[in-house]
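This report concerns only the one structure given below.
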Amino acid sequence: MAEINPNIEESWKQLLDKEFKSQYFVQIKTFLLEEKKKFTVFPPGSLIFSAFNNTPFDKVKVVIIGQDPYHGNGQANGLCFSVTDGIKKPPSLQNIFKELNSDLGINIPESGNLERWAKQGILLLNATLTVRANQAGSHQNKGWEIFTDAVIRIVSEKKEGVVFILWGSYAQAKEKLIDLSRHHVLKAPHPSPFSAFSGFFGCRHFSKTNELLRNMGKEEINWE
């Protein structure tokens, strides 16, 4: 699957070179090639590494961890919780914007495309980078999690003072990969309608993130 390697930003390509050459990554490629013969896979190949292409390694100051790409037609754009322009906002994303509104008074945007966050240094990382159309979780345990765990470890080891935002138990399980003496972790329930009312609403992670960045002398995120 020649398209996988070249589609990632240069600083990440170098840092993840060992992963790309590993046996498990060969298996991911083989798996995806077979899947694409029989099924539609999201996001499109050119967008699989969007999180990295929009946020070069030296720019990373915040990491938000998601689980799977959206599996509906045209939704996934390679950034966790984000959808392509013109696509209806899924419930979790609607709740993220509601919390943003109550936390910082920011108007709920028309578009659910979070590229504007990614460009400011927020790595919007799904644990699994692909999914079969209309089948949530269909590409879990195929090797992607090994790759994205390596990404979290690299950020933890090679950077200082990154704010990791972990929503829900799945993301919070990744805390063990993070050096808590060097980084900040914010945790809350998942923004999905099933759990948003049990503590996601009111978590104020957007203002807290900016406070942490400000205290470290880093530029705050414009969440608009």
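Quick notes on this structure:
- Heavy-atom accessible surface of the range 26-129: percent carbon and sulfur, 1.4 Å: 53
- Taking other residues whose beta carbon is less than 15 angstrom from the beta carbon of LEU16, and scoring Lys, Arg as +1 and Asp, Glu as -1, yields -1.
- Ordering of 80-86, 105-111, 158-164 by packing is 80-86, 158-164, 105-111, highest average first (other Cβ atoms within 10 Å, averaged per residue).
- Cα gyration tensor category, rounded, prolate or oblate, for the range 119-224 with a/c compared to 1.5: oblate
- Alpha-carbon centroids, the range 1-71 and the range 182-224: separation in whole Å: 26
- The range 58-164 - share of DSSP beta bridges that are antiparallel (%, nearest 5): 20
- Note on the chain: GNM, Cα springs under 10 Å; of ASN77, ASN53, ASN134, the largest mean-square fluctuation is that of ASN134.
- Heavy-atom accessible area per residue - the chain, 1.4 Å, Å²: 45
- Our coupling estimate for the range 69-85, obtained by passing each phi through the Karplus curve with A = 6.51, B = -1.76, C = 1.60 and θ = phi - 60°, is x, 4, 10, x, 4, x, 6, 5, 10, x, 10, 5, 6, 9, 10, 4, 3 Hz, Gly and Pro reported as x.
- Taking the protein heavy atoms of the range 181-224 in the context of the full set of protein chains, the accessible area attributed to carbon and sulfur is 50 percent at 1.4 Å.
- Fluctuation leader among ILE154, ILE165, ILE65 - the chain, Gaussian network, Cα springs under 10 angstrom: ILE154
- Span-rule helices in the chain, defined as complete DSSP H runs reaching 20 Å or more along the axis (Cα) with Kyte mean at least 0.0: 144-158
The values are calculated or read from the model by the stated rules, or taken from the named source; none is laboratory data. Source: prediction; values computed, not measured. Note: ideal-geometry Cβ built from the backbone for every residue, glycine included; neighbour counts use all protein chains shown. Side chains are part of the model used for accessible areas, which takes the heavy atoms of the whole protein and leaves out ligands, DNA and RNA. Shrake-Rupley method; radii C 1.70, N 1.55, O 1.52, S 1.80 Å.
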